[in-house]
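Colleague: Sharing a structure below in structure tokens format, with a few things to ask.
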Amino acid sequence: MSRQHPQINLSRRSLFKFGAGAIGTGILTVGLGSNLLAAETAPAAPAEEEVTPDKALQELLDGNDRFVKRKRKNPHQSYTRLVEVAKGQKPFASVLGCADSRVPSEIVFDQGLGDLFVCRVAGNIATPEEIGSLEFGSLVLGSKVIMVVGHKRCGAVDAAIKGAQVPGQIGSLLAAIKPSVESSKGQSGDKVENACKANVLSQVKKLKSSTVLSELISAEKLKIVGAYYDLDTGKISILN
Ligand SMILES: [Zn+2]
């Protein structure tokens, strides 16, 4: 058992006691006390087609393809959808992306309300908080794929390469990226791109070391992939 995750024995039911839970019927909610009790006894939702990790990944790639080809459908952005997902969420995919304003997940994957469970932080690093959030997204909410998305000309990666002296807490971001800068040294090509891709793969590895996530992967309920976003074309490329 990983020392990082002593709470691995938490069942979905015990998560209800935390005020957040997954319902066996397929309706997933986040709420408090009595609301959860009501949700647990709610009638079964209509059967939905089972989303597999492969299908979830394909849906992300298809959405990005529509974005690149300027054929966005802008799905799930109606008021009807807002009302529907207000009752409970069941995002099919999670994204660990950079906070960069040019890489907004719902737009570049052409998705809408309730579709994506998104964690964004400069340098798309898997901090304990991000890992915990993504564990919640998959274990409790049922997200079937986690995509770590790095991007071209990432400022955080560039600053880590330059060893920039930075104020406040910014240094904590750079420290997390630094090992990938070191491991990608000596590779031919663009330094920032190489370090950025190495960083994505390093964060994927970190996520896979989560006991919660690795158990979901073993049960074929989850896939974790790394990807690179091209700022110039809008295209997502899978790295692993
Ligand atoms: Zn960035």
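Colleague: Can you list the lysines whose alpha carbon is less than 29 Å from that of LYS221, not counting same-chain residues fewer than 8 positions off?
Modeller: Filter leaves LYS17, LYS55, LYS73, LYS87, LYS90, LYS144, LYS197, LYS205, LYS206, LYS208, LYS235.
Colleague: Next question, about the same structure. At a Cα cut-off below 19 Å, give the aspartates and glutamates reachable from LYS185, other chains included and same-chain residues fewer than 8 away excluded.
Modeller: Straight-distance partners of LYS185: ASP158, GLU193.
Colleague: Can you pull the semi-axes for region 50-238, root of five times each eigenvalue of the Cα gyration tensor, sorted largest first, whole Å?
Modeller: 28, 19, 15
Colleague: Please give the contour-minus-distance gain from ILE107 to SER183: 0.36 nm per residue of separation, less the Cα-Cα distance, rounded to one decimal in nm.
Modeller: Result: 24.2 nm gained on full extension.
Colleague: Further question: Based on a Kirkwood Rh over C-alpha pairs, give the Stokes-Einstein translational diffusion coefficient of region 127-240 at 4 °C and viscosity 1.567 mPa s in µm²/s.
Modeller: Reported coefficient: 86 µm²/s.
Colleague: Right, next: Please enumerate, by chain and number, the aspartates and glutamates with C-alpha under 15 Å from the C-alpha of LYS71, excluding those fewer than 8 residues away in the same chain.
Modeller: GLU59, ASP62, GLU106, ASP110
Every number in this text was worked out from the coordinates using simple rules, so none of it is lab data. None of the values given here were measured: they were computed from a predicted structure.
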